Amino acid sequence: MAYVIFDLDGTVIDSTHRQATKADGSLDLDHWIERNKPEMIMRDSLLPLARVMRIIKANGHKVIVCTARSYQIADEEFLAMHGLDYDVYLSRAAKGDMRDDASLKVQLLNDYFTGLGFRSVGAAKPLMFDDNLKVIDAMIAIGVTCYDAKYANHRLAKRA
């Protein structure tokens, strides 16, 4: 059994209709929060890695969702509606938590895996898919094999 970690937005879910960027290219978080409502979440669509997530779960591996979103019931409903089962859902605990995605995910994953008895997330040897290059770099730095979801989705889309 392997541990496989999936980000949501830009990895298994296309939520670009809810996103805006600032002049410097960074995510406009205020715009995102304003549009992060159940009716908008239900307009999201799936990316090719969603199929991979289903296959991995069906083959008995542990699927962990690790997202910078603040958890909402609508997120859980969207995932269930599309058959995206998971074992663990790790997310931003509070709307006031404005940490960058990389710092947030490193802490969430380290807390989870040390809670399982591993000395760190890297010691568990999970695989991860994320679309944020800063997250990918941070994960690689702590010993997690992390794949670029943008590239993976592009390659999978070409095969479909």
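Return the pair list, or none, for Cβ contacts closer than 6 Å from residues in region 111-139 that are loosely packed, with under 14 Cβ neighbours inside 10 Å to residues that are in a helix (DSSP H, G or I), at least 6 apart or on different chains.
Taking only residues 6 or more apart or on different chains, the pairs are 134/102.
Having 2 or more residues that are in contact with a strand residue (DSSP E or B) (Cβ under 7 Å, 6 or more places away or on another chain) and of a type in the set (A, V, I, L, M, F, W, C) is the bar; report the helices (runs of 4 or more DSSP H) wholly within region 59-160 that clear it. Don't jump to the end; show me each part of the working.
Numbers: elements: 73-81, 101-115, 133-141, 149-159.
Those helices (runs of 4 or more DSSP H) span 101-115, 133-141, 149-159.
Condition first: aliphatic (A, V, I, L, M) and either surrounded by 13 or more Cβ atoms within 10 Å (Cβ to Cβ) or farther than 25 Å from residue 140 by Cβ (or both). Now tell me which residues in region 94-110 satisfy that.
Residues satisfying the conditions are 94, 102, 104, 106, 108, 109.
Scan region 55-112 for residues that are in contact with a Leu (Cβ under 7 Å, 6 or more places away or on another chain), farther than 24 Å from residue 39 by Cβ and among the small types (Gly, Ala, Ser) and jot them down.
Scanning region 55-112 gives no hits.
Of the conditions (1) at pLDDT 95 or above; (2) under 15 Å from the mean Cα position of the chain (by Cα); (3) not acidic (Asp, Glu), residue 70 clears all except one; give me its number.
Tallying (1) at pLDDT 95 or above; (2) under 15 Å from the mean Cα position of the chain (by Cα); (3) not acidic (Asp, Glu), residue 70 fails exactly one: (1).
Quick test for you: out of 37, 57, pick the one residue that is of a type in the set (D, E, K, R) and either more than 24 Å from residue 154 (Cα to Cα) or over 17 Å from the mean Cα position of the chain (by Cα) (or both).
Answer to the check: 37.
The values are calculated or read from the model by the stated rules, or taken from the named source; none is laboratory data. Given the structure is predicted, the values throughout are model-derived calculations rather than measurements. Cβ atoms come from the backbone with ideal geometry, glycine included; neighbour counts cover every protein chain shown.
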